[in-house]
Amino acid sequence: MSKLKKAKGIEELKSRYGLMFILPWIIGLIIFFFIPIIQSIYYSFCQVVVTSDGVKTTWVGLDNYNEILNVDPNYEKWLEESILSFAYSLPIILVLSLILAMMLNQKFRGRIFFRALYFLPVIIATGKVMSYIFTTTDEDLASMGVSGGMAAGMISVEDLTSALNMGPEIAEFVSQAINNIFNLIWSCGIQIVLFLAGLQSIPASLYEASKVEGATKWEEFWFITFPMLSRITLLVGIFTMVELFVNERAPLVEQVYGKMRGGQYDISSAMIWFYFLIACVIMGIAIFFFTKFVMKRYEA
Amino acid sequence: MTIKQYFQDKRAKKSAVKRYTRSTAGNIALVLFLVAGGLFSLLPLIYCVSTSFKPLDELLIFPPRFLVHRPTIGNYAILPDLMASLRVPLSRYIVNSVGISFFTTVVYILVALMAAYSISKGTFKGRNAIFWTVQFALMFNAYTLAVPQYLIFSKLGLIDTYWIYILPPMASTMGVFLGKQYIEGNVPDALLEAAKIDGANQFKVFWSIVMPTIKPIWLTLLLFTFRDIWSAVPSGKIFSEELKILPQVVTQITAGGTARAGSAMAVTVIMMIPPIIVFLVSQSSVAESMSSAGIKE
């Protein structure tokens, strides 16, 4: 070992260790991620037929993309819906989870309990439970064989609205709103935890100093909390954007899953790749502006 | 105009600045708000539990009632009978589930955090390229790549073996992403240099310096990975009954249709317990280690 050190220099040795550390993961990534991804891109330019002896592909060039963009009237609509829901969910989730994290960071009795409470959705929100909660349509109910549906069953919205003499539109609106609140709170768990970790890493001395200087809470937030959180905000932002885009409940992703279950791998690959392209552009722009105008300002 | 100037101006204009100190009323408002929000995360759980105690006729009501009116433990009581009709004893599924969840979680965390450490503190070329790849890879969820992945699994002969549970999570990028960000922010170079001067080799540094410092991140990963693997159903990839895990048993019970809906909910409730235990165990140390997250630069 010491011979190696002398011969190649410490930098070389360090980089060798570095590669050794990263190797197991890289191998996994290549086999289970890169190869499938290339396959999937290839599928989007092909006609794919699944037969008993494997997958048969015929090269068709841009036909699939032409199909979704020019022939299929629905694709653009789904795309628009997905991007719209992304555009309004992202700021709400970020602001809401930051507010909740700041509240949970206060000293009060039972805060551990409340932290656990807000993190609960993250723990139990897998498969089955989620489908029970977000099932609102009748077909879904029938397919599950259970008369479930959280938002429908939770509070009898219809009873409430008819008692108050409201029209069906308002009832629809109220149940929609309740569903949305659920959706949001259930999307905030991880964000709250990340923000909490960030808040706790801010040295208390900064706040003490600002208190001595006579800063208000509002100033404290903008001069200490927010700047100190800018890194973690970027992290949470990226995480949330990714979640929102690939979320199984995003309208377009839902459609792609449907098509995949139906065996249309060619069209669905094209659909998802075009969507990812747009998602990447949007995320790139968002990250660029955040790092350029928010983080740079404080780093100076 | 910078934000600072803006606030200075503003303060100059306002002669009397309202001081914010939290009163008793403020405290109550805080707790009320948290309770209201917390209800939204708690209610679904209550609903699941309440449904699991509903007798058959109440399960069929539409729109469903939130709370059970005449609770019965029938849904739970019938479970042993349902289990007895399984071809393989239930204990086998439990051993599979626990063993696989534990082993995969540990291996995954080690692989991911070693990679994260290497990306954030290593010196080799192409680190940035790798990290961009990680961010790109985050965009893909399992389903999108299901078909090509399946082809690779079958080529490697992983189908219908334990490896199908253990190996694919290795390609996951979330752990590397979170780990890299956290190590960069919380593990100062000075700490690593000091360890090296003291004669520790890289593995020693990773194991006894980096890992304890980034405890919050691996506890978080532990929770997520355990949750995902615990509830994963590798559909179409496992055929031998001896290799199946608990969620697949749940699927078999749910397949019984409406009559079994209550039991399905009962099993779902039982299945929620282990992740919650893992959470409770890690939560206390997460809170503790986050507040003392180590040396600051």
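Results, tabulated for the structure shown:
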| quantity | calculated |
| --- | --- |
| Count of region B:13-29 residues which are assigned to a helix (DSSP H, G or I), at pLDDT below 80 and closer than 20 Å to A:L98 by Cα | 2 |
| Residue selected from region A:47-70 under the condition away from chain B (no Cβ under 12 Å) and among the hydrophobic types (A, V, I, L, M, F, W, C), by the criterion nearest to B:T104 (Cα to Cα) | A:V49 |
| Long-range neighbours under 9 Å by Cβ, at least six apart or interchain, first residue facing chain A (nearest Cβ under 9 Å) within region B:46-61, second of a type in the set (F, W, Y) | B:Y47/A:Y132; B:Y47/B:F66; B:C48/A:Y132; B:T51/A:Y132 |
| In region A:47-91, the residues that are touching a residue at least 24 places away in the same chain (Cβ under 8 Å) and among the small types (G, A, S) | A:S82, A:S85, A:S89 |
| Any hit, region B:96-119, residues being surrounded by 14 or more Cβ atoms within 10 Å (Cβ to Cβ), of a type outside the set (D, E, K, R) and part of a loop (DSSP other than H, G, I, E, B) | no |
| Any chance A:I282 is at pLDDT below 85 and in the same structural domain as A:L69 (by TED's automatic domain parsing) | no |
| Where B:H69 falls short, out of the listed (1) within 30 Å of B:L191 (Cβ to Cβ); (2) part of a loop (DSSP other than H, G, I, E, B) | (1) |
| Qualifying residue in region A:64-74 (condition: buried (at least 19 other Cβ atoms within 10 Å of the Cβ) and in contact with a Pro (Cβ under 6 Å, 6 or more places away or on another chain)) | no |
| Those residues of region A:237-265 which are in a helix (DSSP H, G or I) and more than 10 Å from every other protein chain (Cβ to nearest Cβ), in sequence order | A:G237, A:T240, A:L244, A:P251, A:L252, A:E254, A:Q255, A:G258, A:K259 |
| Restricting region B:246-283 to residues that are at the interface with another protein chain (Cβ under 9 Å from one of its Cβ atoms) and in contact with a Cys (Cβ under 8 Å, 6 or more places away or on another chain), the residue that is modelled with the highest pLDDT | B:M272 |
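The values are calculated or read from the model by the stated rules, or taken from the named source; none is laboratory data. Here the structure is a predicted model, which means the values were calculated and not measured. Ideal geometry is used to build each Cβ from the backbone, glycine not excepted, and the neighbour counts take in all protein chains shown.
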